[in-house]
Amino acid sequence: MNVQLLLDALGIQEDAARAMTDDIRRRIDELRSRLREAETHLKHLAITRKTVTGLADRIPAHPASPDLPEHPDYPRILAVFNEATGPLPARDICEALDHELLPKNIEGTRAKLKHLVNLEVLTEISTGSFTRNP
């Protein structure tokens, strides 16, 4: 058997092994980076938990908001108005709630706003323009 053929075959195997080790090293570096990100996220969650736990005793047991209907949009609507600096139309509320701006969604939001007017939580200061009651 020719020694050169053996050396050539050995060279091919070495190249393949080198490529495989380079790929494994690259994956290890990527995993180390992902692990650092996950550890940082975990630390941030622990800090958030500690902050929320520390504030829990400052939150009133019964919030001073009226009895709202059992729909997840109502507290979110009030949160939008808590951040608002002026009156808002139903379309803006719908957008703030990340609802698709379709007529049915805007009208559904308007109906919820009207319901909050009836509960004396909001005031309709002009047609279609709502604001939070003090």
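Numbers for the structure displayed
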quantity	calculated
Rounded to whole Hz, the Karplus (6.51, -1.76, 1.60) HN-Hα couplings of region 101-112, x for glycine and proline	7, 9, x, 5, 6, 5, 5, x, 5, 4, 4, 5
Within a Gaussian network of the chain (alpha carbon springs, distance under 10 Å), most fluctuating of ASP23, ASP92, ASP67	ASP23
Relative contact order of the chain, pairs being alpha-carbon contacts under 8 Å that are 6 or more residues apart, as %	17
Assigned charges on the beta-carbon of Lys, Arg, Asp, Glu; the chain dipole about Cα centre (debye)	420
Accessible area in square angstrom per residue, the chain, 1.4 angstrom probe	79
Mean Cβ count within 10 Å, highest first, over the residues of peptides 12-19, 95-102	95-102, 12-19
Label assignment, mean projected area of the Cα convex hull in nm² derived from the structure, set (i) 7.3; (ii) 9.4; (iii) 16.3	(iii)
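The values are calculated or read from the model by the stated rules, or taken from the named source; none is laboratory data. Computed from a predicted model, the values in this text were never measured in an experiment. Note that we place each Cβ from the backbone using ideal geometry, even for glycine, and neighbour counts take in every protein chain shown. The protein model used for the area step is the full one, side chains on, heavy atoms only, and it has no ligands, DNA or RNA in it. Shrake-Rupley method; radii C 1.70, N 1.55, O 1.52, S 1.80 Å.
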